[in-house]
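See structure below.
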Amino acid sequence: MNLATEEVTPGVTKINLTGRLDIAGTQEIDLPFNALVGSQRAIIVDLAEVAFIASMGLRTLILGARTVASKHGRIVLYRPTPEVENVLMISGTDTVVPIVHELDAAIRAVSAA
């Protein structure tokens, strides 16, 4: 699992994940992911290159969303693959962390006051 970041607009960080969010993949990104959600208030998590998500990956995303929300920030999940989106919806994760498919909509969602 790889994690890369970019600032898509001032104050909005996009976290690009690549690989599998299974137990091993989640362990690889937990520390940098937690540091980012602990320090940023507007985060877009790009899941376009995530081929698989397990319960540990869901846990990481939900806890990250709660951390950002505790600082009155916002986080969205961006462009999940159909398979990953299905897991997000079946698990109810989409009710905690919104799913967005367009970058402009994602930026608006996390930038809204």
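Readers should treat all values here as calculations from the given coordinates under stated rules, not as data from a laboratory. Given the structure is predicted, the values throughout are model-derived calculations rather than measurements. All Cβ positions, glycine included, derive from the backbone under ideal geometry; neighbour counts span all protein chains shown.
At full extension, Ala48 and Leu103 could sit 18.6 nm farther apart than now, given 0.36 nm per residue minus the alpha carbon distance. Backbone geometry of region 66-81 corresponds, through the Karplus equation with coefficients 6.51, -1.76 and 1.60 at θ = phi - 60°, to 3J(HN,Hα) couplings of 5, 4, 5, 5, 5, 9, 6, x, 9, 9, 9, 9, 10, 6, x, 5 Hz, x marking Gly and Pro. For region 6-35 and region 63-90, what is the separation of their C-alpha centers, rounded to whole Å? Cα centroid of region 6-35 versus Cα centroid of region 63-90: 12 Å apart. Helix 82-91 axis versus longest C-alpha principal axis of the chain: approximately 80°, rounded to the nearest ten. Among [x] 0.94; [y] 1.63; [z] 0.92, only one was calculated for this model; which label is it, if the read-out is Rg/Rh (Cα atoms, Kirkwood Rh)? So the structure-derived entry is [z].
Taking each DSSP H run with n ≥ 4 as -39500 (n - 2.57) and averaging over every residue of the chain yields -14500 deg cm²/dmol at 222 nm.
Each Lys and Arg contributes +1 and each Asp and Glu -1, all at the Cβ; summed about the Cα centre of the chain, the dipole is approximately 440 debye. For region 1-103, the set of GluC sites (Glu not before Pro) satisfying both a DSSP loop assignment and a count of at most 16 other C-beta atoms within 10 Å is given as Glu102.
Counting alpha carbon pairs within less than 8 Å and at least 6 residues apart, what relative contact order, in whole percent, applies to region 11-113? Could the numbers behind the result be given before it?
Details: 176 pairs, mean separation 31.2, N = 103.
Over region 11-113, the number comes to 30 percent.
Put simply, the amide H of Arg74, placed in the peptide plane, has neighbours under 5 Å in Ala42, Ile43, leaving out anything fewer than 5 places away on its chain.
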